[in-house]
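**Student:** I have a structure here, written as structure tokens, and I will follow up with some questions on it.
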Amino acid sequence: MDFSIKIKDTVFPCNIVQGPLAGVSCAPFRALTLAWGNPAFSYTEMISCYTLINVSLKRQQRYIQKVPGETLCFQLSANSPKELGLATKIVTDYGADLVDLNCGCPVKKIRSKKTGSFLLSEPGKIYELIIAMKNNTNCPVSIKIRVDAKSDDHFNQDIANAVSDAGADFITVHGRHWTQGYDVNCSYDDIQFFVNALKIPVIGNGDVACVNSLRRMLATGCAGVMIGRAGVGQPWLIQQLISEMNGTPYSIPSNKIIGELFIEHILGLCDLLESEKFAIMQARTFAKYYARRIVKNHEFCLAFHQCESVAIAKELIDHYFY
Ligand SMILES: Cc1cc2nc3c(=O)[nH]c(=O)nc-3n(C[C@H](O)[C@H](O)[C@H](O)COP(=O)(O)O)c2cc1C
């Protein structure tokens, strides 16, 4: 099967990307994804343009540090074209390979700043924001959106027009309305709407975790697929999907190796955050993902949530990951 995707002038041999996950997708996570999954590219966590402009880059390593050899899309958050333009220049000078604007975040704090999914009600502003990115970088630029899902909002067509008029290089579409949680099914029809309405590549996103869900997503006609939550704790997932799509069974790492990957992730966080305490606090939030396959996963997660040091984390992982 041909898994390639062309974005602007670049042909990526693989059309699966690892998406942005706030609180997770900093460099140690992406290093594992690169080594085991080799996606087309990965995303940073969403980064506020205001912070990028006003805080020294040295103090923002958690958000901006790149992994050697990775292709990295910096995801920015802004409402002001001027701020977004400046931030786009900063990340481009820093080494961004692609630049994305978050237009899907449903969190109240983000919407109250008129950023994230709030922008979906302002297609004219999205147009200006895309232009601001394009004027400040030669990298491919994109936006990541949620969909109107037949709600009263009816914004799909207006957003498609803004994206196409402004000349974005690709778009990522998460097939849920911003008011919908993960308990609501992803709307493939809405993703297909954007595939049909636009000439640029559409990356489909939502609930892809196995070959069947990948096939379902590809059936929309999307040019690429974004993995979100399923990539956490399974850095090999993209290679597994490609292999199984080609009819070759993939041998999933043993629980012991998965435990070792979790420890590697935690040690990477200790280095990046320069704090064992913060690293462990962050690791607690994704313990459940690494523990998917172990027998006593609930018991492990309860214990791990009390964990306060790398030494204890190692003991727990040794005990439960066999
Ligand atoms: C913990 C968490 C953090 C997220 N952070 C971001 C983010 O910073 N930027 C963004 O565009 N989407 C973010 N998302 C949404 C995901 O990128 C993705 O669109 C969504 O999870 C659907 O994909 P999935 O079903 O493959 O997980 C986040 C999702 C989760 C669960």
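**Student:** For the charge dipole of region 255-320, defined by +1 on Lys and Arg C-beta atoms and -1 on Asp and Glu C-beta atoms about the Cα centroid, which residue among Ala311, Leu267, Thr285 has the Cα displaced farthest towards the positive pole?
**Tutor:** After comparing all options, I get Thr285.
**Student:** So, one more: Can you work out ³J(HN,Hα) from phi for every residue in region 216-222, in order, using Karplus 6.51 cos²θ - 1.76 cosθ + 1.60 and θ = phi - 60°, giving whole Hz and x for Gly and Pro?
**Tutor:** Once rounded to whole Hz, the list reads 4, 5, 5, 5, 6, x, 4.
**Student:** Hey, another quick one. Checking the cross-link filter: which lysines have an alpha carbon closer than 16 Å to that of Lys58, excluding same-chain neighbours under 8 positions apart?
**Tutor:** Lys66
**Student:** Further question on the same structure: Which three extents, in whole angstrom, do the alpha-carbon atoms of region 87-151 cover along their principal axes, largest first?
**Tutor:** 38, 21, 16
**Student:** Can I get the semi-axes of the chain's equivalent ellipsoid? Compute them from the C-alpha gyration tensor as square roots of 5 times the eigenvalues, in angstrom, largest first.
**Tutor:** 32, 23, 18
**Student:** Projected onto the charge dipole of the chain (+1 at Lys/Arg Cβ, -1 at Asp/Glu Cβ, origin at the Cα centre), which of Ala223, Asn185, Cys301 gives the Cα projection farthest towards the positive end?
**Tutor:** Going by the charge dipole, the pick is Cys301.
**Student:** For the chain, give the magnitude of the charge dipole about the Cα centre (Cβ charges: +1 Lys/Arg, -1 Asp/Glu; no others), in debye to the nearest 20. Don't skip to the answer; put the middle values down first.
**Tutor:** Values: 32 positive and 30 negative charges, 79 e Å.
So the magnitude is around 380 debye.
**Student:** Considering every Cα-Cα pair within region 255-320, what fraction, in whole percent, is farther apart than 20 Å?
**Tutor:** It works out to 15 percent of all Cα pairs.
**Student:** Then there is this: Enumerate the lysines that Lys8 could reach by cross-link, defined here as Cα to Cα under 19 Å, with residues fewer than 8 away along the same chain left out.
**Tutor:** Lys89, Lys134, Lys144, Lys199
**Student:** Now, a different point. Can you tell me how region 1-142 classifies by the Cα gyration tensor, rounded, prolate or oblate, using a/c under 1.5 as the rounded cut?
**Tutor:** Numbers: a/c = 1.58, a/b = 1.35, b/c = 1.17.
Here region 1-142 falls in the prolate category.
**Student:** May I ask for the equivalent-ellipsoid semi-axes of region 126-250, computed as the square root of five times each C-alpha gyration tensor eigenvalue and listed largest first in whole Å?
**Tutor:** Numbers: eigenvalues 139, 65, 33 Å².
Value: 26, 18, 13 Å, ordered largest first.
We did not get these values from a lab; they are worked out from the coordinates using the rules stated. Just so it is clear, the model here is predicted, and its values are computed rather than measured. Ideal geometry is used to build each Cβ from the backbone, glycine not excepted, and the neighbour counts take in all protein chains shown.
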